[in-house]
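None of the figures in this text is laboratory data; all of them are computed from the coordinates on show. Keep in mind it's a predicted model, so treat the numbers as computed, not measured. Positions of Cβ are generated from backbone atoms using ideal geometry, with glycine treated the same way; all protein chains shown enter the neighbour counts.
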Amino acid sequence: MKNVYWKIQTIAGTETLEVGSKEFNLYKEKYREHNKLETDKDVIEDYRLNASKNPLWAKIYSLSIGFVDEATNVARIKVFKGNEKDILQNFLNTCNEHFNKSKITAFNFSFLLPFLRSRMIKNGMKLQGLHDGLIDIGRKPWTITGLDVQDHYKGL
């Protein structure tokens, strides 16, 4: 069984957060106390630094997959860019069509899998039919079938 590796690059959902906008007000209300946001400038700076880490405020900018071609022993990499929904759909199609028997491998599943799921829901996509290694709902960390490289760094 071969491994397919994947990684996402995220960016803030709004390139320039406008003071008084709905997103600004929601972000400010959510993080005012926790991040000690006292001024509008604090909110904008905090959003710039941290929005890309939360699927509520971020979007997927690119998604990369990699694998080793067993026939030629050459590493192959594919980067999906463009519209977020297209990125997600192309990734899911690729996993189901070409890597359905491969082990999904990544670093930090506790971030990646919920982020992927949240952005799929945000884009109106169904969660049915996912590659088994991308399913985390209803599973314990030790029953997830993918390989989280971070666990090997931290030690199991």
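Rg and Dmax of region 55-121, both derived from C-alpha coordinates alone, stand at 12.8, 42 Å. Placing +1 on the Cβ of every Lys and Arg and -1 on the Cβ of every Asp and Glu, with nothing else charged, gives the chain a dipole about its Cα centre of roughly 380 debye.
Counting only DSSP beta bridges with both residues in the chain, the antiparallel share comes to about 75 percent.
Give a quick list of trypsin sites (Lys or Arg not before Pro) in region 63-141 that DSSP marks as loop, anything other than H, G, I, E or B, with at most 16 other Cβ atoms within 10 Å.
Values: sites: 76, 78, 81, 85, 101, 103, 117, 119, 122, 126, 139; in loops: 101, 126, 139.
Sparse-neighbourhood loop trypsin sites (Lys or Arg not before Pro): 101, 126, 139.
The Rg/Rh ratio of region 86-145, with both radii computed over alpha carbons and Rh defined as the Kirkwood radius, is 0.93. Think of the chain as a dipole: +1 on every Lys or Arg Cβ, -1 on every Asp or Glu Cβ, centred on the Cα centre; then among 113, 94, 123, 94 lies furthest on the positive end. Each of 52, 27, 73 was placed along the dipole of region 18-89 (beta-carbon charges, centred on the mean Cα), and the one lying farthest toward the positive end is 73. Looking at this model, which pairs from 101/140; 7/140; 41/154; 28/154; 103/154; 2/122 are more than 26 angstrom apart at the alpha-carbon? Check vs 26 Å cut-off fails for 41/154; 28/154; 2/122.
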